[in-house]
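Here the structure comes first, spelled out in structure tokens, and everything after it is commentary.
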Amino acid sequence: MRYLLYLDAALAALGAAMSLCISYVCLVYVLYRDAAPEMRSGLHPVLVVAACCLALALVAGAAAYGLWRRRAWHWAAQAALAAFLPCAFLAIHAELAA
């Protein structure tokens with residue numbers, strides 16, 4: 001169980017770090033959206049990626065907290081994280097492939 005907690009905490013930290021970095025990119029896109037037409041059309045995929053990373057941080061953080069505090073709902077949180085990961089991957093892949 002300890003390794004699952006480490007994995008959940010690592011995924012939460014990864015999601016938080018990525019959402020902070022990509023949120024900065026979103027800020028740059030918003031500030032310079034009138035400078036070039038590519039900036040305006042490229043904002044939506046960056047927002048989707050930032051939202052997916054933030055959701056990863058929240059879901060993995062909830063799973064890690066439930067496992068760390070031995071809450072009764074920790075297996076439901078693990079299942080939610082396991083279901084979220086492929087959905088987030090597919091959403092990001094579809095957005096960036098378009």
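All of the numbers you see were taken from the coordinates with simple rules; none came from a lab. This structure is a prediction, so every number in the text was calculated from the model and none was measured. Note that each Cβ is placed from the backbone with ideal geometry, even for glycine, and that neighbours are counted across all protein chains shown.
Summary of values
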{"item": "Any hit, the range 34-48, residues being free of Cβ contacts under 8 Å to residues at least 12 places away in the same chain, touching a Lys or Arg at 6+ places or on another chain (Cβ under 7 Å), surrounded by 15 or more Cβ atoms within 10 Å (Cβ to Cβ) and outside any helix (DSSP H, G or I)", "result": "no"}
{"item": "Residue list for the range 14-33, restricted to those being without any contact (Cβ under 8 Å) to a residue 12 or more places away in the chain and either crowded, with 17+ Cβ neighbours inside 10 Å or assigned to a helix (DSSP H, G or I) (or both)", "result": "A17, L20, C21, Y24, L27, V28, L31"}
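Residue by residue, here is whether (1) assigned to a helix (DSSP H, G or I); (2) within 11 Å of the chain's Cα centre (by Cα) holds:
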{"position": "L58", "(1), (2)": "yes, yes"}
{"position": "A64", "(1), (2)": "yes, no"}
{"position": "L67", "(1), (2)": "yes, no"}
{"position": "R70", "(1), (2)": "no, no"}
{"position": "A79", "(1), (2)": "yes, no"}
{"position": "A82", "(1), (2)": "yes, no"}
{"position": "I92", "(1), (2)": "yes, yes"}
{"position": "L96", "(1), (2)": "yes, no"}
